[in-house]
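Input: a single structure, listed below in structure tokens.
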């Protein structure tokens, strides 16, 4: 998207028109794709899973934690709030 023309004429004389819907679709995956996620990067030792559940519930961000100690984030907003409640920052999240 951006400054590309709405249509161009190719070498054979055929007019080619931009498909804006396709361009928008390929900018990234839908916000709901891939959720929920089991986050290995912010996991704890399995013996600390209940402690993490309790901490996040106390901080106002109830979060499931699987048997391996990985928090289960329902969506990007939930993930951001849960990480923030623990004082963690994802520098690769673009948020």
Would you list 57, 81 from fewest to most Cβ contacts within 10 Å?
57, 81
I need 58, 80 ordered by Cβ neighbour count within 10 Å, fewest first.
58, 80
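No lab work stands behind these numbers, since they all come straight from the coordinates. All figures in this text were calculated on a predicted structure; none of them were measured in a lab. Cβ atoms come from the backbone with ideal geometry, glycine included; neighbour counts cover every protein chain shown.
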